[in-house]
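Have a look at the structure below, then the notes.
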Amino acid sequence: MGEKSILDRIYAYFKAPGKRIDSMKAYKEHIFQIVDKTMSYSISNHPLPLCMIDSEGMFLWYNKKFADIYQEADVINDGITRVTGLKASDFFTEDPIEKPVMVTHNGKTYKVVSSYLDEDKNKSAVLYWIDMTNYELVKTLYKDEKSCYAYVIVDNYDELISSSPDDRKSIVAAEIDKTIRQWAAKMSASITRFRNNQYFVVFEQKHFEKLEAGKFSILDEVREIETDADFPVSLSIGIGVGGKTPQQGDEYAAAALDLALGRGGDQAVVKRVSKIEYYGGRLQTVEKRNKGKSRIMAHALRQLVDQSEQVIIMGHKKPDMDSFGAALGIARIAMNRNKPVYIIINSYNESLAEMYEIAVSTGNYNFINNEKAIEITSKDTLVVVVDTSRPSMVECPEILEKTDKQVVIDHHRKTEEFIENASLTYTEAYASSTSELVTEILQYSGEKKDIDKFEAESLLAGIIVDTYRFSIKTGVRTFEAASWLRRMGADTANVRQFFQTDIDSLKLRSQIVSSAITPLPGIAIARCKGRHADVQVITARAADEMLNIKGIKASFVVGEDEEGFTVVSARSLGEINVQTIMEKLGGGGNLTKAGAQIEMPVEKAMNRIIELVSEAEA
C-alpha cells in the first residue's frame, strides 16, 4: 500500500465522521492481513536459520535454512535438546537475548540468539542461528599465532663449567646449548643467546599449549646431560603469555624469570595478564659456594643503616625461631652502628615464649607493637623485613608505605606477591634459613664482629628449626654459619632448651603421628583433632616427626585454630615440592617446608591435598 492511499484513507476518515468506525475497522483488518502475510513470508524466507520452541524445548516450527543444518529434525516429535544438544533452560531466562549460546554442528560454529514471541516470556521463543565459523576461525588463528616470549637461564652455569676438566668444558657447554636449541627448533621458535647461559626465545602460542601439556619436559631433558659436577643441569624459564603488545609480553617474561630465579631455579614460570603458574621445581636448590654476595649485601646494609635515622625490624606474623633469631641479628648490626633499633612483635607462639622472655629480660632490645611502629616510622626510617618477602605476611604492612628505605632478607622461594621497589633485596632459596643469611651478613658487616651470646644462640636455634636439626636442606655454608656462631659463644645445651615442650603437647603430637594414613606411596597425612591456639606449632612439629617414618617422603598435618580456620603444615625430604602444593591452597614456603591457612573443612582439605599430590606426581 502506497503513501498516497494511506493519506486518502486518513482524509476520508476525518471528512466522513459517520463512517469513521467502519472505515477504521476495515483499515485495521486490511493492515493485519498485510502484516500477517508479510511476517509469514519473512519468517519462512528469513536469511538466518531459525526455529520456534515452547517452554519444554519442543519444536513449534522451523524454517528451511534450519532444516538444512539439522536435517534429522522432526517438527512434530522432536525437541531442541535431542537435535542440537541445547536445553530450553538456556533460553527461558529473564533476558535471554543478552545471553547468546554457542553450538557446533558439522564443523560449523553458530551463535544462538533468542527472543520472545509474546508478552508471556515463559511460553515460547524464537531461536536464531548466526554462523560464526569464519569469526571463530580468525579468532583461533589470532590466538595460535600470537607471540609468546621466554627467557631461559642455565642455573649455576659457571659452577657447572668450572667443575669440568679442561677437555670437557666445551663439550658440556655445547651439549647444553644443543639441547636448548633443539627444544626451540621443535616450536619453530626464534632463539638468541645473549650470554653464555642466557637465551631469549620467541614462539607462537599454539606451541605453548603443547609445552604446558607436557609440563615443560625440557626441564627433565637437560637434567639428563652428563656433567662432572655433583649436581645436574637445570634451567630457569620465564614465559610471558597474552601480552597486548610485544613490550608487555617481554615484561611478563622478565617478571616470570625473576620469580623462577627467586624460587631457586629448575622450573618454568608462566605469567599471563592476571595469572601466574609454576612448573617443575623438583630439584633441591644448589648451594652457591662463593660468599661474594653476602659481602656485598653486608656492605650495602651497613651503608643504609648509617644513612637512616632509625631502624625498625619485623618478620612474619606469629614469628618462629628463624624469624626472631634473624631479627635479633639485624638488630645487632644496627646497634653496632649506634642507631636506635626497634623490633615489631605483636604476638608469638608458645614455641617462641622462652626465647622471647629471655630477650625481654636482657633489656637490650626495644620490642614494639604495630601502633607504636606506625607512630614512629618516618621517611628516614629503615625498615628491614626478615624471613618473608610477602607484604601481606609481615607484622605491620602499613609502615611499608611510610618509608622508601626497605630491606628484604629471606630464604623462601619467591611468589607473585612480594615487596616491590625495596632498596635492598637478599632472597636466596638455596639457604637453609634466614638466620643463616643474617649470620653471614654479620661476619662481613664491619670491623666489630662480636655479637651477644644470646644472639648467637637465637640465630643457631633459627638454623636448627628450619633444617630440622641439620637433616634437611643443609649445605656446607649452613655448617660454616653454625660453626661461626659456636665460636661466638652459642651454647648448644641452651639452644636445646628452646625446643623443649610440655608433656601435654608431646602426647598430642604422638596422637597425631599415630593416626597418620598413607593414601599414596611415600605420602603421610594426619589430622589434629580439636581446636588449638598454637595449632601451627603442633601441626608443624607433628609433620616433622612423620618424616622419621620409614618410606615417607612427604608429610601433611591438618588442624583447626581457635577461630575455626584450617591450618596445614607440609614437610618433605626434597623429592616432592610441598611449596607448589601449598601455593595451590593459598599458602607458600619452600621445597621442603611449607604451609597454608584456608577456609575449608578439615576433611575436605585432606582430600584436596591428596588430589594435589596425585597431580604433582602424575
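Structure note, pairs 339/405; 215/414; 275/414; 65/87; 473/593: Cα-Cα distances above 18 angstrom occur for 215/414; 65/87.
Where in the stretch 227-275 are there trypsin sites (Lys or Arg not before Pro) that are in a DSSP coil and have at most 14 other Cβ atoms within 10 angstrom of their Cβ? Numbers along the way, then the final one.
Working: sites: 244, 263, 271, 272, 275; in loops: 244, 263, 272, 275.
Filter output for the stretch 227-275: 244, 272, 275.
For residue 429, the residues 5 or more places off, or on other chains, whose built amide H falls under 5 Å of its own are 264.
In the stretch 565-611, inverting the average of 1/r over every pair of distinct C-alpha atoms gives 10.4 Å as the Kirkwood radius.
Between residue 317 and residue 518, the FRET efficiency from the beta-carbon distance, with R0 = 41 Å, is close to 0.80. Ranked for footprinting exposure by Cβ neighbours inside 10 Å, fewest first, 86, 459 give 86, 459. Peptides 384-393, 555-564 ranked from most to least packed, by the mean per-residue count of other Cβ atoms within 10 Å: 384-393, 555-564. Among 582, 606, 132, the order by Cβ neighbours within 10 angstrom, fewest to most, reads 132, 606, 582.
Of 445, 124, 483, the sequence from fewest to most neighbouring Cβ atoms within 10 angstrom is 483, 124, 445. For the stretch 319-425, the list of GluC sites (Glu not before Pro) that fall in a loop by DSSP and count at most 13 other C-beta atoms within 10 angstrom reads 417, 420.
Under 20 Å of direct C-alpha separation, and excluding same-chain neighbours fewer than eight residues apart, residue 529 reaches these aspartates and glutamates: 350, 502, 504, 544, 545, 560, 561, 562, 563, 599, 603.
Residue 229 to residue 181: FRET efficiency via 1/(1 + (r/R0)^6), r the Cβ-Cβ distance, R0 22 Å, to the nearest 0.05? Walk me through the intermediate numbers first.
Values: r = 22 Å, r/R0 = 0.98.
My answer for the efficiency is 0.55.
Residues whose amide H lies under 5 Å from that of residue 61, counting only those 5 or more places away or on a different chain, are 52; hydrogens are built 1.01 Å from N in the peptide plane.
Straight-line cross-link partners of residue 64 among the aspartates and glutamates, defined as a Cα under 17 Å from its Cα and at least 8 positions apart when in the same chain: 72, 74, 78, 131. Only Cα pairs under 8 Å and 6+ residues apart enter the sum, and on that basis the relative contact order of the stretch 292-498 stands at 25 percent. Taking only the C-alpha atoms of the stretch 474-618, the Rg (one decimal) and the largest Cα-Cα distance, Dmax (whole number), read 16.3, 49 Å.
How large is the direction-averaged shadow of the alpha-carbon convex hull of the stretch 146-280, in nm²?
Values: hull surface 30.1 nm².
With every direction weighted equally, the projected area is 7.5 nm².
Dividing the Cα radius of gyration of the chain by its Kirkwood radius returns 1.17 for Rg/Rh.
Each value in this text was obtained by applying a stated rule to the coordinates, not by laboratory testing. Keep in mind that what you see is a predicted model, and the values were worked out from it rather than measured. Don't worry about glycine lacking a Cβ; one is built from the backbone with ideal geometry, like all the others, and counts go over all protein chains shown.
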